[in-house]
Structures are given as structure tokens and as C-alpha cells.
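Everything below concerns the one structure shown next.
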Amino acid sequence: MLRFEQVKKQYSSTTVLSVDSLLINKGLVLLQGENGSGKTTLLKIIAGLLPFEGNILFNDTFSLKKQRLQFIRQINYAEAEPIYPEFLTAKELVKLFCYAKKGNVQFIENLLEQLHIIDVYNKPVSTYSSGMIKKLSLALAFAGTPSWILLDEPFITIDKNSVAAICQIINKKYSDDGVSFLITSHQNFNNENLSFTASLLVQDHTVKFAE
Amino acid sequence: MRTTLIILQKVLVNHFYRLNAGLFMFLFYVLFGLPQNAGDFHIAIATIIVKSQLFLLLVFAAWLLYNFKCIDYICKHLKGPAQLFLTSLENFGFFKCYISFAFVQFMVYLPITAYSIFLVIVALKNHAYIAAAEIIACVAVMILSVPLLYRMVLQRRWSEINIGLPAFIRFPKPLFLLPVFYLLKKRKQMLLVTKFFSLGILWLFIKGFNPDHYDIRPTLFCFLLAAIANCTIVFETRNFEEEYLSISGNFPLSLTRRFINILLMYAVLLMPEMIFLWKGYPVYFNLFDYLQLAFVSIAMLCLLHVCLLIENTTMETFIKIVFGVGMGLFFIILYNPGIALALFLFIIAFAIFHAYYYDFEK
């Protein structure tokens with residue numbers, strides 16, 4: 001589980017996100033909100049990519065502020081609009097992520113195969129379309145043995161078949177390995193392939209459980 | 001036509017000089033600030049150049065490198081989405097379009113043109129008429145041929161200078177080396193020009209300075225000057241990290257490990273200077289002092305790198321920091337601090353890194 005304690009994010013003097021207290025239990029969690037509501041900011045904070053005030057605890061054991069390494073090991077993140085160095089191939093990125101996250105290269109290669117981008121595995125990402133880069137970033141989010149995978153708008157820019165394939169991968173990872181997911185969407189999410197255990201709403205610069 | 005030229009001046013030329021202000025300031029300092037009598041020094045250098053075909057060729061090579069830098073910048077900028085409106089220049093027809101880009105090329109090439117006029121005057125005074133003609137021809141070719149390339153870029157028929165290793169040669173790419181690969185792939189002209197100048201400083205020092213007794217301080221200062229010439233590389237590296245490697249913040253790496261990555265990266269980037277310096281062994285340094293030279297220069301670049309983690313460090317502020325660090329080190333070196341200087345710089349750099357890394361946000 002993830003426990004938020006007095007989490008606050010400000011830009012200059014403007015508060016963009018303020019969560020006094022929140023407990024997100026493990027499961028398949030949907031995070032909804034309008035454009036600019038702060039969903040990406042929240043995910044980036046949990047992934048350790050943005051500075052913030054307050055604290056976030058993993059299983060009441062590891063604090064993002066005090067035991068950062070242990071905390072980050074439990075969290076993987078896929079950006080909504082991923083950017084990678086253009087000269088790197090998918091193979092090099094997979095190796096890099098698997099080395100950093102102590103993951104299995106073969107496993108990620110299998111995911112890329114399921115997402116139909118394995119044939120460009122040895123080509124630089126500069127030759128990829130935005131959808132292919134998105135699929136690659138989603139596969140990379142599965143590197144290693146995280147407890148939570150944060151997926152920021154995972155279903156934008158990718159084709160219908162790939163959406164089904166990703167849902168299948170998410171379900172399998174959740175049921176087989178007990179990995180929890182926090183998935184954002186700015187639209188009303190209606191996907192029969194995923195059965196969310198909880199739904200959160202980012203509204204008025206705070207996060208609450210949707211009714 | 002005048003309006004077009006004003007727009008091109010604002011969009012392409014002014015931005016080029018703003019972007020390279022650091023390099024020009026550094027060059028100005030090296031060329032006019034360091035020599036005691038700059039006027040006589042430059043006339044002497046120019047006389048040597050116009051009287052020797054070999055030196056003249058070297059100068060042409062340097063001008064060509066600068067031209068590559070200009071071409072690289074203009075082409076990249078022309079391809080940017082914000083400059084898409086410039087495709088309307090095509091409607092002017094070939095001649096007007098060519099003249100417009102010739103103006104751009106003339107303006108970005110102006111520093112070389114100005115120096116070439118100086119060289120031509122010196123050549124004529126020394127009756128080196130062939131050298132004068134060669135200089136004029138060289139500059140004319142560089143200014144008049146390149147607008148054709150820019151026009152091709154505008155028409156999307158040509159993209160950029162591409163000098164690279166064949167695709168089948170692949171090196172492993174660990175995280176710490178990614179900025180180096182980025183520079184090699186995407187900023188090769190800048191890298192080439194920077195290394196040309198930093199190695200040039202070392203070459204001039206080794207050729208021109210003959211010590212009557214062993215003293216590491218002049219060598220250390222000169223080597224640091226060569227390392228400081230890499231400051232634009234430091235800036236580019238930080239930008240690259242921020243733009244393309246931000247996701248690495250989610251990698252479970254300790255701060256110490258991340259800092260070591262920066263050290264390793266600058267050790268690799270300074271490899272050409274470190275290898276070239278061996279030309280001066282054993283007159284200018286002994287083995288122990290070589291370690292001092294290497295560590296101090298790496299530590300200094302690390303310090304400059306981490307200064308960019310401090311909030312709102314623009315290129316302008318960064319140049320001030322570079323000058324401040326350079327001046328500070330000059331006075332410290334006078335007291336011959338030995339290897340303690342490297343340790344001191346590493347500690348300061350790590351302290352800044354530790355304080356700002358997780359709090360940095362663009």
C-alpha cells in the first residue's frame with residue numbers, strides 16, 4: 001500500500017496538488033481527472049521524479065524521503081509521452097532498464113513481441129512512430145520486480161489490438177505476481193478487459209476516492 | 001526583402017550568437033586577454049600563417065570546423081517546427097531565396113570573415129599575394145556555397161551533416177556514457193570545435209613554454225584552461241540529461257552512484273586532452289602530478305556540472321560561474337595545493353549534488 005502524509009506540490013506559490021492523508025491499497029487502481037488536474041504530477045511524485053513537501057510511505061516501511069532507494073525499487077513508471085535518446089535502439093533501452101532494475105531481458109522481449117514491435121528491436125527509436133515509443137515505454141515499465149507499476153495514460157496513441165494486449169499483460173502481472181497498478185486516464189474509462197479494484201479522482205488540487 | 005532579412009536575422013542569426021556567447025567570450029579571452037601585447041602577438045601569428053602553406057591549411061581547417069558548426073546550427077534550427085513558416089521563402093524564387101540565406105551565412109560567419117580581412121592585409125603587407133588570394137577564395141567558397149545547402153534543408157531535400165560510425169559497429173551504452181554518445185551523434189561539430197580549441201591550448205603551451213625548472217603549476221593552469229574550454233559540453237550534457245534521461249530518476253541508484261557516473265563521464269570526455277598531454281612528459285609533469293592534473297580537471301567539470309542543478313542557472317549565469325571557478329582556481333594553484341585541490345573540488349561538487357539533485361526541477 002501507499003500512504004500519503006501531508007503531500008503538497010507547489011509551483012512558485014501556486015499549489016497544484018495537496019493530499020493531507022490518503023491510503024491506496026494494493027490492487028488495480030484507476031486514477032481519473034481532467035487535463036491539468038495533477039494526475040501526472042502525482043505519478044511523478046510517487047516515482048521519485050519530482051520534489052514535493054510531505055512524505056509517502058510504501059507498506060508503512062519505506063519512506064520516499066528517508067529510504068528513497070528501497071522505495072524506488074518498488075515503483076516503476078511509464079510516462080504519458082515518453083522521450084528517449086534518439087540514437088538508442090529498443091534493445092539498448094531494454095538492456096539499460098533491465099540492468100538498472102535488475103530485470104529479465106527475455107521477459108521484456110516477450111512483451112515487445114506481444115505488442116508487435118519486436119521486428120524493430122535493433123533499430124534506433126528515432127525511426128519509431130509515437131505509438132511504437134509508447135508501447136516500448138509500457139514494456140519497459142515491467143522491468144524488474146516492482147510492487148507498483150504506474151502507467152500514465154497507457155492507452156493513448158496505441159492501436160486497439162495493442163490496448164487489448166496491454167490489458168492482458170496487466171491482468172496477468174496482477175494475478176500471477178501480485179503487482180499493483182495505478183493507471184491514469186483523462187477520459188471516462190470504459191474497458192471491459194480491466195477490473196479496477198478502486199478508483200481515485202484528482203479534482204480541486206487534491207486526490208480522493210471516487211464514489 | 002529588407003523585412004525578410006530582419007526576420008532571418010532575428011530568428012537565425014541572433015539566436016546563434018546568444019547560444020554561442022560562451023564560446024565567443026572564451027575565445028576573446030584566450031586571444032586578447034591572455035597575450036601581454038595582443039596586437040603584436042596577433043600580427044606575429046598572422047605573419048607566420050600567411051608565410052607558411054601548412055599553417056594556412058590548418059587555419060582553413062579551423063574555419064571549416066566553424067563552418068560545420070554554423071551549418072549544423074542553421075540546419076537544425078530550420079527543421080524546427082517553429083521555423084516552418086520560413087518555407088514561404090521558397091515562393092521568392094531561387095535568386096532571392098539564395099540571397100536571403102547568403103545573408104544568414106555571412107552574418108554567422110562574420111567572426112571568420114573579419115579575421116580573414118586582417119589576414120589578407122597582413123599577407124599583402126608581406127607580399128604574400130598567393131596566400132591573400134587563397135584566403136579570399138576560401139572565405140568566398142564557404143560563404144557562397146552553403147546557402148545552397150540551407151535551401152535544400154528548407155525544401156526538406158537534405159537534413160544535416162552526418163559523420164558517424166557504420167551501423168554494424170555498436171558499443172555498449174551504459175547510463176553514464178549516454179551523454180557522450182549524444183554529443184558524438186548529435187553535437188559532433190560542437191564537440192569537434194571544442195576539442196580543437198582545448199587541444200590547441202595544450203599544443204600552444206607545450207610548443208611555446210620552455211620551463212627552466214620543474215614546476216607543475218603552469219601545466220596545471222594550462223590543463224585547467226583546456227578543461228574549461230569544455231564548458232559548453234557541460235551545458236549540453238546537463239540539457240541532455242534533463243530532456244532525455246529524466247526517467248533515470250526512477251532507477252534505484254544511490255546519489256553516490258549517480259555522482260560516480262558523472263565522474264566517469266567527464267573522465268571519458270577529457271580522454272583526448274589526457275592522452276594529448278603525454279606529449280609534455282617528462283618535462284612538464286611527472287607521473288604523480290599527472291594524476292593531479294587528471295583529477296583536478298575532472299573534479300572541476302563535475303563542479304560546473306552540479307552548479308547547473310542549482311535553480312535558474314541560465315547559460316549567462318553559467319558563464320559567470322565558469323569564469324568565477326576559473327579565476328578562483330588560478331589563485332589557488334599559485335599556492336601549489338597538490339592533490340588536495342582535487343579532493344576539495346570533489347567534496348564541494350558532491351555536497352552541491354547531494355543538496356540539489358532531488359530538488360532540481362526545470
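The values are calculated or read from the model by the stated rules, or taken from the named source; none is laboratory data. It should be emphasised that the depicted structure is a prediction, and the values quoted were computed from it without experimental measurement. Ideal geometry is used to build each Cβ from the backbone, glycine not excepted, and the neighbour counts take in all protein chains shown. These accessible areas exclude ligands, DNA and RNA; they are computed on the full protein's heavy atoms, side chains included. Shrake-Rupley method; radii C 1.70, N 1.55, O 1.52, S 1.80 Å.
In the stretch A:21-56, the qualifying residues are those that are in a helix (DSSP H, G or I) and open to solvent by 30 Å² or more (accessible area, probe 1.4 Å), and the one that is farthest from the other protein chains (Cβ to nearest Cβ) is A:T40.
Could you look through the stretch B:273-329, keep only residues that are among the β-branched types (V, I, T) and open to solvent by 30 Å² or more (accessible area, probe 1.4 Å), and pick out the one that is modelled with the lowest pLDDT? The selected residue is B:T314. Checking the structure you have, find out if any residue of the stretch B:61-77 is among the polar types (S, T, N, Q) and over 23 Å from the mean Cα position of the chain (by Cα). No, the stretch B:61-77 contains no residue that is among the polar types (S, T, N, Q) and over 23 Å from the mean Cα position of the chain (by Cα). Applying the condition of being open to solvent by less than 40 Å² (accessible area, probe 1.4 Å) and away from chain A (no Cβ under 14 Å) to the stretch B:147-190 and asking which residue is modelled with the lowest pLDDT yields B:I161.
For B:I45, the test of being of a type in the set (V, I, T) and in contact (Cβ under 8 Å) with a residue 60 or more places away in the chain is failed. Is it the case that some residue within the stretch B:328-339 is in contact with a helix residue (DSSP H, G or I) (Cβ under 6 Å, 6 or more places away or on another chain) and within 22 Å of B:V268 (Cα to Cα)? The answer is yes, given that some residue of the stretch B:328-339 is in contact with a helix residue (DSSP H, G or I) (Cβ under 6 Å, 6 or more places away or on another chain) and within 22 Å of B:V268 (Cα to Cα). Selection of the stretch A:68-93 for residues being more than 14 Å from A:K123 (Cβ to Cβ), within 11 Å of another protein chain (Cβ to nearest Cβ), part of a loop (DSSP other than H, G, I, E, B) and open to solvent by 50 Å² or more (accessible area, probe 1.4 Å) yields only A:I83.
Taking the criterion of being within 23 Å of B:M265 (Cα to Cα), in contact (Cβ under 8 Å) with a residue 24 or more places away in the chain and under 18 Å from the mean Cα position of the chain (by Cα), the residues of the stretch B:306-322 that qualify are B:L308, B:M315, B:F318, B:I319, B:V322. Looking at A:I169, is it within 20 Å of A:L93 (Cβ to Cβ) and not in a loop (DSSP other than H, G, I, E, B)? In short, yes. The condition of being more than 12 Å from chain B (Cβ to nearest Cβ), more than 22 Å from A:L43 (Cα to Cα) and without any contact (Cβ under 8 Å) to a residue 12 or more places away in the chain holds for only one of A:V105, A:V120, that being A:V105. Scanning the stretch B:340-349 for residues that are among the small types (G, A, S), more than 13 Å from B:L293 (Cβ to Cβ) and touching a helix residue (DSSP H, G or I) at 6+ places or on another chain (Cβ under 9 Å) yields a single hit, B:A349. Can you name the residue in the stretch A:123-176 that is under 20 Å from B:Y244 (Cβ atoms) and among the basic types (K, R) and is also least open to solvent (accessible area, probe 1.4 Å) among such residues? Filtering the stretch A:123-176 for residues that are under 20 Å from B:Y244 (Cβ atoms) and among the basic types (K, R), the one least open to solvent (accessible area, probe 1.4 Å) comes out as A:K134. Restricting attention to the stretch B:292-324, the residues being among the hydrophobic types (A, V, I, L, M, F, W, C) and within 18 Å of B:F24 (Cα to Cα) number 6.
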